[in-house]
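Heads up: the structure comes next, in structure tokens.
The values are calculated or read from the model by the stated rules, or taken from the named source; none is laboratory data. This one's a predicted model, so the numbers in the text were calculated from it and none came from an experiment. Backbone-built Cβ (ideal geometry, glycine too); neighbour counts: all protein chains shown.
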Amino acid sequence: MAFSKICNKLNKLVNKHAALKPLSKCKFKQSLKPWITKGLLKSIKIKIALFAEGDIDKYKIYRDKITTLIRQSKKLYYHAYFTQHMNDMKKHGLESMRQGTVTKGNLNPLLVLSE
């Protein structure tokens, strides 16, 4: 009984002084893309700054390079993921890929990399 009161008071203090902040929409979307590194985020900010300055020629070159890097990063991320989970495909819902019975209907849309 006394222990539960102490726990309740402690929880109230923690929630008051160290409350958890909800993720913003942007940060939430970022958390869904683990292949976007801090370096890529920095490059994206530079690209946005170039666009804001109005330097269209530099912006287009930079944009194309960043797009290429993001695609390569995504490809490497998924290659490493599938290589790592090759033996436990059933656990990750990839059993149909292993058996060769993949159709659009039975594959998770997040796993479809390109069509």
Just the residues that are touching a residue at least 12 places away in the same chain (Cβ under 8 Å), among the aliphatic types (A, V, I, L, M) and touching a helix residue (DSSP H, G or I) at 6+ places or on another chain (Cβ under 9 Å), please, taken from the range 22-81. Ile36, Leu40, Ile44, Ile46, Leu50, Ile66, Leu69, Ile70
Would a scan of the range 53-72 turn up a residue that is in a helix (DSSP H, G or I), among the aromatic types (Phe, Trp, Tyr), modelled with pLDDT of 85 or more and within 21 Å of Ser31 (Cβ to Cβ)? no
Among the residues of the range 24-47, write down those that are assigned to a helix (DSSP H, G or I), more than 10 Å from Tyr62 (Cβ to Cβ) and of a type in the set (A, V, I, L, M). Leu40, Leu41
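Residue-by-condition table, conditions (1) more than 15 Å from the chain's Cα centre (by Cα); (2) hydroxyl-bearing (Ser, Thr, Tyr); (3) surrounded by 11 or more Cβ atoms within 10 Å (Cβ to Cβ):
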site: Lys25; (1), (2), (3): no, no, no
site: Lys38; (1), (2), (3): no, no, no
site: Ala52; (1), (2), (3): yes, no, no
site: Thr68; (1), (2), (3): yes, yes, no
site: Arg71; (1), (2), (3): no, no, yes
site: Lys74; (1), (2), (3): no, no, yes
Select from the range 3-23 the residues that are of a type in the set (Lys, Arg) and either surrounded by 10 or more Cβ atoms within 10 Å (Cβ to Cβ) or part of a helix (DSSP H, G or I) (or both) and write down the one among them that is nearest to the chain's Cα centre (by Cα). Lys16
